[in-house]
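Have a look at the structure below before the remarks.
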Amino acid sequence: MPATNVSTAQRDQSHARVFDLAALSLRELNQALHQLTPGSNETAWEVLNPKGSHSVAVGVDQPVAIDVRGSVGYYCGGMNAGGAITVHGSAGPGVGENMMSGSIVIKGDASQYAGATGRGGLLVIEGNASSRCGISMKGIDIVVHGNIGHMSAFMAQSGNLVVLGDAGDALGDSIYEARLFVRGKVESLGADCIAKEMRPEHLEFLQGLLDRAGVTGVKASEFKRYGSARKLYNFNIDNADAY
Amino acid sequence: MTYRNPPTTPRKSATFDDYTLSEIRRAAATGIYDIRGAGAKRKLPHFDDLLFLGASISRYPLEGYRERCDTSVVLGTRHAKKPIELKIPITIAGMSFGSLSGPAKEALGRGATLSGTSTTTGDGGMTEEERGHSKQLVYQYLPSRYGMNPRDLRRADAIEVVVGQGAKPGGGGMLLGQKISDRVAEMRTLPKGIDQRSASRHPDWTGPDDLEIKILELREITDWEKPIYVKVGGARPYYDTALAVKAGADVVVVDGMQGGTAATQEVFIENVGQPTLACIRPAVQALQDLGMHRKVQLIVSGGIRNGADVAKALALGVDAVSIGTAALVALGDNDPRWEAEYNALGSTAGAYDDWHEGRDPAGITTQDPELMKRVDPIAAGRRLANYLKVMTLEAQTIARACGKNSLHNLEPEDLVALTIEAAAMAGVPLAGTNWIPGKNGF
């Protein structure tokens, strides 16, 4: 799946189709997005007055750019497959839930479980994210400029979570093969999550991911890497205290 | 000649019976609880404890085999643009690819389609075998979200948000490493050979209010076309049904504790949840109290075996039932022809439940390529279809005898209970009396 560089995404808003949620319904917005066909000329969309609406631009499956002017409620960009969604505000719980590909950029903060179960694509949160960021992630890349809350990357299976700030308690509890990179302080690590060596390939990969996320002035070498100790991969009664 | 006092006959404890003793020894030797598949095996109040009152003078029967008795049902009439129309009120419950073999999933699809009913995916995501051979396929949206993607959501005919399962309300799952083939590992985005933990709760919502918003999201993604089911384990059926309705469910699925599982702790299976019989009336009552009975459809599962069970569940107010374990038996699970192999595994046909170990001689609950070959999807699908037809005919026979021209016209008044327990749970009179224990509350 091709990586998305959100900093260079093509965004020609001069011909954007404007969708004002003060005048039209959420259903009409999502239906219009779902009716897009491959090769459609309507590649730029602007959503006005979201006012915390839930499920804005969910199930997008075409490579279109969507700028949401304001804050959104739950599940913005849920199951996004190819869309380049930018929220010029903050996002409620579950932003980018189960995203498949494409990108989502949150200019403000994000609530709980951002990028939950995400399978691909890039989620960038320019502010802070709350608890359970990247919970059960399955291939998504998540970059948080600020801090993340407790139980983030719980049962994370694959993908990469990058945090420029601090991480809360129980980071990466019961983690599988996801990779976590934290620049600041980690309050505590969850069961089976350990700090790991930053080898050259990790530095190279992380620098590339930071670039794709539009992060400047930050070096990959400033981060620590965390991942699975793989001690809980097969049940052993001697590890019962960890459960 | 010495006189010997007569010995007392050795007596085994009812509390420490042979099974319990063996389990203590096994736990002491291995240091791990027993994990197994299938549902509760202990004796529970069940549909066998209810009887139908056939018609005589006060009720007028229909002519068996001659007069029509409708079996069709429509699910998802509340919000969905495309409700599910089934020819029979018996659906195939969700069982995962990974737990079941590909040929077994295909056979379920074939059998269900031949019978005019739906089948359901499971924890492993949607397989081509199943989608390709199921005319109507319900896609489960599970806490693990293995294989979840919008493409399959849109290819489904309905979506079932699984909150709980009858065999383990509140519990997650564990697919042991030995069952993880390359294909299963890929579908679940996990390395091959490791134990795969299925979460006990959805990662991105934390309560009924979140569920309501989650359902909205799923409806928006699928353009409000698909019925949304909400499945709960039968533990607090009144409140869980009411909250599922409040959250916007088109269909509520209540799975009693006889419902099966792929792999769960024996102690969990046998000690958590309520019998299916005890779940029905509270769930129906919740719908009635909300004015939503028959508007939000109710599916009940857990130990449904024959047409009488189907008819009894419908008489108590459900719209359809689901079968899982019975469907596997119809495909060939626990068949006595594999007895020698079951014996070699320390079990016997009819009791084999170590489905998680991946060595199922019947080739159904395994990913072993050689064992899988034992399932002929076409023949096994035919067997399932035969079984579903028999169940339907049985239910129709009973309904006609009760004077009903539709299975859905059966009602609690057609039933009596053989035991006080069943009378109380089902809310029907004890046979020979007009006494319904606990009628004024649950």
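The values are calculated or read from the model by the stated rules, or taken from the named source; none is laboratory data. Computed from a prediction, not measured in an experiment: that's the story for all the values here. Using ideal geometry, Cβ is built from the backbone for each residue, glycine included, and neighbour counts are taken over all protein chains shown.
Observations on the structure shown:
- The residues of region B:288-325 that are in a helix (DSSP H, G or I) and either among the polar types (S, T, N, Q) or surrounded by fewer than 24 Cβ atoms within 10 Å (Cβ to Cβ) (or both), listed by number, are B:Gln288, B:Asp289, B:Gly307, B:Ala308, B:Thr325.
- Within region B:192-204, the only residue that satisfies the criterion of being over 24 Å from A:Pro93 (Cα atoms) and either among the β-branched types (Val, Ile, Thr) or modelled with pLDDT of 80 or more (or both) is B:Ile194.
- Subset of region B:1-34 that is within 20 Å of B:Ala263 (Cβ to Cβ) and among the charged types (D, E, K, R) - its residue that is modelled with the lowest pLDDT: B:Asp34
- Scope region A:138-166; condition closer than 20 Å to A:Gly120 by Cα, among the hydrophobic types (A, V, I, L, M, F, W, C) and either within 11 Å of chain B (Cβ to nearest Cβ) or assigned to a loop (DSSP other than H, G, I, E, B) (or both); matching residues: A:Ile140, A:Ala153, A:Phe154, A:Met155, A:Ala156
- Residue match in region B:355-374 (condition: surrounded by 22 or more Cβ atoms within 10 Å (Cβ to Cβ), assigned to a helix (DSSP H, G or I) and hydrophobic (A, V, I, L, M, F, W, C)): yes
- Among the numbered conditions (1) over 18 Å from A:Pro93 (Cα atoms); (2) surrounded by fewer than 20 Cβ atoms within 10 Å (Cβ to Cβ); (3) more than 15 Å from the chain's Cα centre (by Cα), the only one that A:Ile175 does not meet is (2).
Results for (1) aliphatic (A, V, I, L, M); (2) within 14 Å of another protein chain (Cβ to nearest Cβ); (3) at positive phi, shown as yes or no for each residue.
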| position | (1), (2), (3) |
| --- | --- |
| A:Tyr176 | no, yes, no |
| A:Glu197 | no, no, no |
| A:Leu203 | yes, no, no |
| A:Leu209 | yes, no, no |
| A:Arg230 | no, yes, yes |
| A:Asp238 | no, yes, no |
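- Residue selected from region A:96-106 under the condition under 19 Å from A:Gly214 (Cα atoms) and free of Cβ contacts under 8 Å to residues at least 60 places away in the same chain, by the criterion farthest from the chain's Cα centre (by Cα): A:Ile106
- Count of residues meeting criterion [surrounded by 14 or more Cβ atoms within 10 Å (Cβ to Cβ) and in contact with a strand residue (DSSP E or B) (Cβ under 8 Å, 6 or more places away or on another chain)] in region A:19-51: 14
- Residue list for region B:246-280, filter: crowded, with 24+ Cβ neighbours inside 10 Å and part of a helix (DSSP H, G or I): B:Ile269, B:Thr276, B:Leu277, B:Cys279, B:Ile280
- Residue within region B:230-250 that is among the β-branched types (Val, Ile, Thr) and under 17 Å from B:Glu85 (Cα atoms) present: no
- Of all residues assigned to region B:160-168, at least one qualifies as being at pLDDT 95 or above, closer than 21 Å to B:Glu225 by Cα and among the hydrophobic types (A, V, I, L, M, F, W, C).
- The set of residues from region A:134-150 being under 20 Å from B:Tyr146 (Cβ atoms) and over 10 Å from the mean Cα position of the chain (by Cα) comprises A:Ile135, A:Ser136, A:Lys138, A:Gly139.
- Some residue of region A:13-32 being under 13 Å from B:Ile221 (Cβ atoms), under 21 Å from the mean Cα position of the chain (by Cα) and either modelled with pLDDT of 95 or more or of a type in the set (Asp, Glu) (or both): yes
- Scanning region B:231-246 for any residue that is over 21 Å from the mean Cα position of the chain (by Cα), facing chain A (nearest Cβ under 9 Å) and touching a residue at least 24 places away in the same chain (Cβ under 8 Å) turns up nothing.
- Scanning region A:62-114 for residues that are within 10 Å of chain B (Cβ to nearest Cβ) and part of a strand (DSSP E or B) yields a total of 1.
- Scanning region B:66-103 for residues that are more than 18 Å from B:Ser322 (Cα to Cα), modelled with pLDDT of 95 or more and among the hydroxyl-bearing types (Ser, Thr, Tyr) yields a total of 1.
Residue by residue, here is whether (1) more than 19 Å from B:Leu393 (Cα to Cα); (2) free of Cβ contacts under 8 Å to residues at least 12 places away in the same chain; (3) of a type in the set (D, E, K, R); (4) touching a strand residue (DSSP E or B) at 6+ places or on another chain (Cβ under 8 Å) holds:
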| residue | (1), (2), (3), (4) |
| --- | --- |
| B:Ala311 | no, no, no, yes |
| B:Ala320 | no, no, no, yes |
| B:Glu339 | yes, yes, yes, no |
| B:Tyr352 | yes, no, no, no |
| B:Ile364 | yes, no, no, yes |
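- Filter pass, B:Thr113 being touching a residue at least 12 places away in the same chain (Cβ under 8 Å), of a type in the set (Val, Ile, Thr), surrounded by 22 or more Cβ atoms within 10 Å (Cβ to Cβ) and in contact with a helix residue (DSSP H, G or I) (Cβ under 8 Å, 6 or more places away or on another chain): no
- Residue under evaluation B:Val284, criteria (1) of a type in the set (Val, Ile, Thr); (2) over 28 Å from B:Ala379 (Cα atoms); (3) in contact (Cβ under 8 Å) with a residue 40 or more places away in the chain, criterion not met: (3)
- Candidates B:Met126, B:Met95, B:Met148, filtered to the one that is among the aliphatic types (A, V, I, L, M) and within 22 Å of B:Gln258 (Cβ to Cβ): B:Met95
- Criterion: modelled with pLDDT under 95, of a type in the set (Lys, Arg) and not in a helix (DSSP H, G or I) - qualifying residue of A:Arg230, A:Arg225: A:Arg230
- Single residue of region A:115-132 satisfying the filter (assigned to a loop (DSSP other than H, G, I, E, B) and either within 11 Å of chain B (Cβ to nearest Cβ) or in contact with a Cys (Cβ under 9 Å, 6 or more places away or on another chain) (or both)) that is surrounded by the most Cβ atoms within 10 Å (Cβ to Cβ): A:Gly115
- Subset of region B:127-149 (residues that are at the interface with chain A (Cβ under 8 Å from one of its Cβ atoms), surrounded by 24 or more Cβ atoms within 10 Å (Cβ to Cβ) and either in contact with an Asp or Glu (Cβ under 6 Å, 6 or more places away or on another chain) or polar (S, T, N, Q) (or both)): B:Ser144
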